[in-house]
Every structure is written in structure tokens, then in C-alpha cells.
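Take a look at the structure set out below.
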DNA sequence: CTGAAAGCGCTAACAA
DNA sequence: TTGTTAGCGCTTTCAG
């Protein structure tokens, strides 16, 4: 059987208490005893059981990461960052894919509770607020990334979605685009709403006609986005640009424009959102609003860890500013340049 | 404080043993008592502690997933599949990103050992065999995906890499390509070696000159692949195709060809490997060798779970057959068609 | 500086 | 059908 603390203690001729102390690097152990015990630990290949220590010590050194889908590059990159900084702090992370399914959301929360994780990073919406509140009553620290839940006073790391949308619009406007398609997925989601609002705000400021913006929602896949853009372009070929609320949809937008006989960026400009690695794989490379994903992961995780370790800080909301990465899917609108000539 | 099994027992006027039995759905409990206890559990909001039960019951209901990098789409998709089937079987999964770093590999293994995970899915190479063997002596079941370690007798799920390479070559050959660039990352890796061997075998069978295949190795990024292809094409513009050992490299290949003034697929064909979602995002959509990632994840995980549950099956190696997905980056070689005319 | 002893919350015989 | 009891492997006062 695997050696336990007893085996080590026995072989070292000391009590388990002493062994425990050296394992945990407590001060009050003599140098010689410590050395001896360390040697024996090595010899017998002893690895302290974290589950036993969790039962006593109250810490599992595990955090839960709840997200819609790890196969989505945004969340994959986030997960990587969370795992890295968790690992650096001695925490392992268990992933929970909810698919935005309300049932799974509460199911995983329950589960994490039973597993007595030390904290959770919530990167998904919660449809069932009651369940979340119930969970939080268990005194397990929770932090939010990328999703805001205003009714909750927990630390949150967000990107300024409004600003992102605004900047996207500004860029398009500077390029003389006056008509745009808005490719959106799920409008339930506050992030998407804000991106959209920001975009519209800039267009309004530019005194653009309201129905120059055509919102297409419910787009779940690249293909759907492609189809939607193609259809829209066939209906109104004077639309010269699109703003997609994710890079996936943006790529769909490029494809759709192409299918409608428009080249990107010569005839049609598109800007995305996220700046996951796919933006740079895209052809042409995608102009997109860049979220500092790695940083977001680092900050939330560190915040969570601090909270777990009892550094009582008031909960705060950190809003990171997105950046526009101008690549090759946006260009000056040639159609509009001709207009003044008429 | 959170309610424990004692609180429930007390309130129900029974012993903790009885409560334990209803929690675990053991047979020998009276219907009325069971109902009553269940009700009380609900009332007090009792959630059994998995760490306590792990200490006794010997099961943590957790498995480790060790991979190079979850941000890589192949592993992200694999992870999703593993998590899904783990979840379906009552296991949560903790992710470990090794970056192919030997130190991290053993570090995580140690850690998983201390956490007393019930099993691990190993999807990364292990540089330190000794550490692996030591780990396995702890009697924690291990299964392998996507990486073969012939010296180990553990269940393994692989894709037939040789065949994949062979099929890729065949496809190119049918399209009259006689010269090919081989874009490879890390030749240490048995998968890549086999893909390469398969490819070469087909070219040999076609009695192609050996140096019609130019192997470019050490390619770690899309950019590097692009540069390599561009350089190669500038040196020898009669090369009409490339086989990339991953989709990432394939996309780099497309970019590089483009930079060298060759259009894909008109002037230059490329086939990739993996068929992650990026293949379909690519422009043109990538012809690639498709690995059944989801299935691989399901099979390994199920195998692991069965092993954990003690279904003693002899360890087996399951080799899945890859498929070629012909999309738009391969076309008939026009250069070679002219040759016979000369 | 070191050890004895009391749990942590639960499971699993074994009695009753 | 239900309860008693002995741990699981470790941490933590509190004495010595």
C-alpha cells in the first residue's frame, strides 16, 4: 500500500505530528529531525494525501472554471490563462462546460460545492440566479469573467464592450462606411448588448440614418453568419460593411460577402470581436476588437486566489479596455467615394 | 456552518449510518425513513462532502487530463469530449497543460497523485519515463490518447497516422502532383513520424523520385510555415503541393504560397491534418486528414472509467482510421499536365 | 523542539 | 431495517 504519514513517522522514530510539521514547513522542528524526516520521505516515496489534508485543513486547492464550451477558442485561451495562474498559486482547475444550459449550470455548481472547491471562476451566464445565490451562501468565493451580473456583489473582470463596439464603428466610419450589418449571436447576453449599443452610438453621433444599421441576430455558427450576410447583400448591395460580435461570425461574414460576389476588403469591410488566434488565421487577416484574454484570466484568477487566502478586499469590478487590431478586412469604402460625385 | 451528516441524522432521529445509506442509495433502508431523511436533507440544504467520502470510499471522482496546451484547438476539442463523457460518468476533470515541458509533465503527475485522482488521460508525450512508471506504481489507471508509448502496456487510443499520411499522398498523387513539401513540427513525436512515413510510402509506390519530397521540420507556428513555404517556392517553383502535419501549418502553407505569388488551389495544393474547426474557417476551406477527435475522447475516457470501476479488461490499443475531407485547397496539378506535351 | 489526542465528515463491516 | 464502531490520513491545539 502507499506509504502514509504513519509509515514515515515510524521509520523516523518520531510522531506523525512532527512529520506533518515538516511537510507543511512549520517553523518549530529541529534541523536534524527535519533533515532525517525529509530523507525518509524521499526514501519511501511518500506523497501526502491532499484529500486527507483537505478534510482537516479545509482547503482542496482546487478551483472550478465554469464556461459555456472549452472548444470555443475564446474560452480555451481563457482557460489556459486561468489554469496557468491557478497552477502558479498551487490550485488545480476543473473545467465545467455548461453550453449555456441552465440545468447544467446549476448541476455543476452543486457538484463544485460537494467537491468543496476553494473557489470558482464563473465565465458563463447564470440563468438560475437562485441557485447561484444559494451556492454563494456556502461561502465559496466566486469571481466573474467576461459576464456581468450587476445584482451580485462579487469581483468581476470585464472588457469594456460598449467601447469595443464604439471603436469598431469609429473605424468603419473613418473608412467612409455608412451602412453596416450587425452580426450578433445571443442578444440575451449583456456583453453583446453593450457591444451593439456602443456601435450604434458611434453611428448616431455620425448622424447616420438609423436604418443604415441592420441587426441580424440569432447567429450561432459561421455558416449562419455567411448565409445571413449573403442574403442581406443580395437584398441591398449598397451595404458596405459588417461588424460581427465574435471572430467566428466575422469569418462567416467574409465568406458570405464572397459568396455574394463581394471581395473583402475591396468591396466589403468586416470587423470582428475577440481577437482569438483565428483572427490571424483568417484570410484576409481579420480586423478585430481585441480582448486581453490572457490578462483577464490572470486577473480573475489572482483575485480569486487572494480571496481564498483571506485577503479581504472589497469586491471590485475591473474593466479592461479593448483595442482595435487593424488588419486586412477593412478598407476605405469606394462606393461612398463616388456618391459625392453624383 | 454547513450541515453535515450528523445534523441530518440528528434531525431525522436516526444514525449517521442510515443517512449514509440513503445518500448512496443502498438497498436496506425502509421507505418511510428514506423519504423522511430525503426531506430533511432538502430542508437543511445538505450536500455530502466528496472529500470526506473520498477519504473513506477511496474515490475522488476526478480524473486528470494531461495535454500540451488546451488553447490548441485539437486538444480543446479533445478536452471537451473527455469532459463530456467524464461528466456523464460522474467524474470531473482537471486540466494540466504541460507545454511539452518535461518538468511540468512530472510535476503534474506528482500533483495528480497527491490529489488522488481516480485516473488520468495522458495526451502528451512523457519525456521522463521513470516518473511515469513511478506514477503508475501508485495503481492509478492511466490511458493514452493520440500518443503512443510502446513500452507501456496501457490502453491507448490512436489514429492511424501512417494511413493518414498515405491517404494524403494518394490524394495528391491522383491530382498529378509529383513534388511536395512536407511541413512538420516536432519529429520527436511518433505520430508525426508515422504521418510522414505514410506519406513517403505512397510517393515511393508511385515511383516518384525521392527528392521530390522536401521535408521542412521544426515548424512551430503558422508564420514559420508560411515563411518556409515561401522560401521553398522561391527556390524551386516547380513544387506544386504541400502536406502539413497539422491544420495550423497547413494554413501557414496556404499563406506562404500566396506570398510567393501562387494561388491555392490553382497553382498550389495543400492538405492538412486534424480537421479541427479551423479547417473549415480557412480560405479556401482546407482539404485535410480528419481525426475523429470527439470519438477518441469518448473512447479513452470510457475506457478509463471502466478501468477505474474495476472492469478488468486487458489493456488494448484502439486504432481509429482517419478520413480525408476533400475541400478546396487541392486541385489538379496544371503544371504536370503540360509536361507530357513537351 | 516534540508528541498525545481529538477530531474533519463520511463509509463499511458487524451487531442488534 | 437500523445503529455502533472503527477507521480513512492528516492538522492542530495543548502538554511535556
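In this structure, residue B:60 does satisfy being within 16 Å of DNA strand D (Cβ to nearest atom), within 39 Å of the chain's Cα centre (by Cα) and surrounded by 15 or more Cβ atoms within 10 Å (Cβ to Cβ).
Within the range A:35-55, being away from every other protein chain (no Cβ under 14 Å) and surrounded by fewer than 16 Cβ atoms within 10 Å (Cβ to Cβ) holds for A:35, A:38, A:39. Determine whether residue B:131 is within 11 Å of another protein chain (Cβ to nearest Cβ) and either crowded, with 22+ Cβ neighbours inside 10 Å or more than 16 Å from DNA strand D (Cβ to nearest atom) (or both). Spelling it out, it is not the case that residue B:131 is within 11 Å of another protein chain (Cβ to nearest Cβ) and either crowded, with 22+ Cβ neighbours inside 10 Å or more than 16 Å from DNA strand D (Cβ to nearest atom) (or both). Regarding residue B:167, is this residue touching a residue at least 12 places away in the same chain (Cβ under 8 Å), touching a strand residue (DSSP E or B) at 6+ places or on another chain (Cβ under 7 Å) and assigned to a loop (DSSP other than H, G, I, E, B)? Here the answer is no, as residue B:167 does not meet what is asked. Among the residues of the range A:104-120, is any within 30 Å of residue A:271 (Cβ to Cβ) and buried (at least 20 other Cβ atoms within 10 Å of the Cβ)? No, the range A:104-120 contains no residue that is within 30 Å of residue A:271 (Cβ to Cβ) and buried (at least 20 other Cβ atoms within 10 Å of the Cβ). Among the residues of the range A:4-15, those identified as within 10 Å of DNA strand D (Cβ to nearest atom) and either buried (at least 16 other Cβ atoms within 10 Å of the Cβ) or on the phi > 0 side of the Ramachandran plot (or both) are A:4, A:5, A:7, A:8, A:9.
Identification of helices (runs of 4 or more DSSP H) wholly contained in the range B:203-303 with 2 or more residues that are in contact with a helix residue (DSSP H, G or I) (Cβ under 8 Å, 6 or more places away or on another chain), touching a residue at least 12 places away in the same chain (Cβ under 8 Å) and more than 14 Å from chain A (Cβ to nearest Cβ) yields B:222-235. Considering (1) buried (at least 17 other Cβ atoms within 10 Å of the Cβ); (2) closer than 20 Å to residue A:322 by Cα, the lone condition that residue A:197 does not fulfil carries the number (1).
Take residue B:196 and tell me if it is under 21 Å from residue B:158 (Cα atoms), more than 14 Å from chain A (Cβ to nearest Cβ), part of a helix (DSSP H, G or I) and in contact with a strand residue (DSSP E or B) (Cβ under 8 Å, 6 or more places away or on another chain). Judged against the criteria, residue B:196 is a match.
Every number in this text was worked out from the coordinates using simple rules, so none of it is lab data. Keep in mind that this is a model prediction, so the values were computed, not measured. Note that each Cβ is placed from the backbone with ideal geometry, even for glycine, and that neighbours are counted across all protein chains shown.
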